[in-house]
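The values are calculated or read from the model by the stated rules, or taken from the named source; none is laboratory data. Bear in mind the structure is a predicted one, so any value in this text is a computation, not a measurement. We place every Cβ from the backbone using ideal geometry, glycine too, and count neighbours over all the protein chains shown.
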Amino acid sequence: MSRKRKLVSAGIFAVLIVLLIAGIILTGNPGAEKEPIKEVMRDAVLHGTGKVSLFGLIDVNPGLISAYAVSGALIVFAVLVRIFAVPRFKPAPGKFQYVLEKCVGLFSSLAEGNSPHRPGFIGGYIFAAGVYIFASTIFELFGVQAVTTSGGSISLPAPLADINGAIAMGFFSYGVILFGGLICSGPKGMLKALKDFSLPLSMSFRLFGALLSGALVTELVYYYALTSYVLPVVVGVLFTLLHALIQAYVLTMLVSIFYGESTEPSHKKEKRKKQ
Amino acid sequence: MPLNIDIQQILLHMLNFVILFAVLYFVLYKPVKKFMDKRDEDFNEKNDRANRTMEEADSAKSAYEEKLSGIEDEIKSLREDARKKGVEEADAIREQARREADEILEDARRKAEQAKTAAVRSADNQIRALAEQAAEKLVIESTAQAYENFIETVNRPAPEEEENGE
């Protein structure tokens, strides 16, 4: 690249940066002036004001819209893969097939390792749960916008950062463990799951807390103009990626372990033969 | 509800996840798992087949080696037999040759004896014939000499006639 072109490129970038800074300054700091940090945080947790209309039927938290968007995208992806990729699978896999097989193999082996008695169903369940948690957490990074009922715009959060989403996931997983135990091992299996009655709460609030903490930190970082440069790249992206991986792994691991315990066949004690 | 918990939204989340789970399970997880299991089965089958073939090859190899060592022993015994047979045959041939040589020698000796006898006999005959001839000749010669001497004596002139004639 010639010296002249380098100078021109540098000049363009410099002008762009100056314009952006000017724009940011001129538009002010709405968060600081209009809404105090407490309100922002409270809204991020409770979504008291930032509701979104679901097909004009009911007003819901934006997390539910995110959940539907993520599920829609995943369903389309799955159908496309099933139609176009799976029939062309080869014994020696290509890159895409390798990644897909790795994902399926990871959850399948997790299920077989932790729940060796009935790994088929739970393998599929933790695959779906893991993919959903990972994709929905990553979804936060795209910053998809939605219009709130009050007419403002809102960046769609991770579905599990919404407490309703986290509770749904936690309780549904507990239901799977409970009924899995009932179907596979009878009432004894169900009782084993019932003993861990705190499990749905712990799973729900673990998910909610972990994902919400990421969202709160990101909100906090973006709230102040000074910290909203460069830092979000590290805080937002890396935290989100880490959360996506860790939470997907933790929930699937817990579900497979507890499912394995509840579906474990009971060993009858052998009666001692009277001599 | 505290913390903005909404049962309706929880159920909506659950419905969303149930649909997603059903689709992911039947459309993605099961077919991929089925493919992987089938491939594993194929590989295991091929592996088993390869192991079986290997075992068969090993057993065939050991049987072959066993047979080979047996064949070596067999070859050794056959070679020994052949050597013994060869020696016996050579002895027999040698014996036969000696016998034939003896016969030839005996025959030759007999023939020589016969020839000698015949030769001696022939020589005797010849000598006898020669002696007869010689005797005959001597007789003839002596007779003829005497006749010639007589004739000569008869025909010889007297010494006076010889002088007259000159």
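Assorted remarks:
- A:GLU35 meets all of the listed conditions (1) at pLDDT below 70; (2) over 15 Å from A:TYR224 (Cβ atoms); (3) surrounded by 12 or more Cβ atoms within 10 Å (Cβ to Cβ) but one, namely (2).
- Here A:LEU16 fulfils each of the conditions (1) closer than 30 Å to B:MET36 by Cα; (2) modelled with pLDDT under 85; (3) not small (Gly, Ala, Ser) apart from (1).
- Taking the criterion of being aromatic (Phe, Trp, Tyr) and surrounded by fewer than 19 Cβ atoms within 10 Å (Cβ to Cβ), the residues of the range A:172-201 that qualify are A:PHE179, A:PHE197.
- Applying a threshold of 7 Å to beta carbon distances and a minimum spacing of six or more residues, or different chains, the list of pairs starting in the range A:80-97 at a residue that is at the interface with another protein chain (Cβ under 9 Å from one of its Cβ atoms) and within 17 Å of B:ASP40 (Cα to Cα) and ending at one that is of a type in the set (Lys, Arg) and surrounded by 16 or more Cβ atoms within 10 Å (Cβ to Cβ) reads A:PRO91/B:ARG39.
- Residues satisfying the stated conditions in the range A:113-137, i.e. surrounded by fewer than 17 Cβ atoms within 10 Å (Cβ to Cβ) and either of a type in the set (D, E, K, R) or in a helix (DSSP H, G or I) (or both): A:GLY113, A:GLY120
- Residues in the range B:14-30 that are at the interface with another protein chain (Cβ under 7 Å from one of its Cβ atoms) and more than 18 Å from A:VAL81 (Cβ to Cβ): B:MET14, B:ASN16, B:PHE17.
- Residue check, A:SER71 at the interface with chain B (Cβ under 10 Å from one of its Cβ atoms) and polar (S, T, N, Q): yes
- Residue count for the range B:31-82 under the criterion of being within 14 Å of chain A (Cβ to nearest Cβ) and of a type outside the set (A, V, I, L, M, F, W, C): the result is 13.
- Just one residue in the set A:ILE163, A:ILE138 is more than 10 Å from chain B (Cβ to nearest Cβ), among the hydrophobic types (A, V, I, L, M, F, W, C) and in contact with a Leu (Cβ under 9 Å, 6 or more places away or on another chain); that residue is A:ILE138.
- For the range A:171-192, the criterion of being within 19 Å of B:ASN4 (Cβ to Cβ) and charged (D, E, K, R) is met by no residue.
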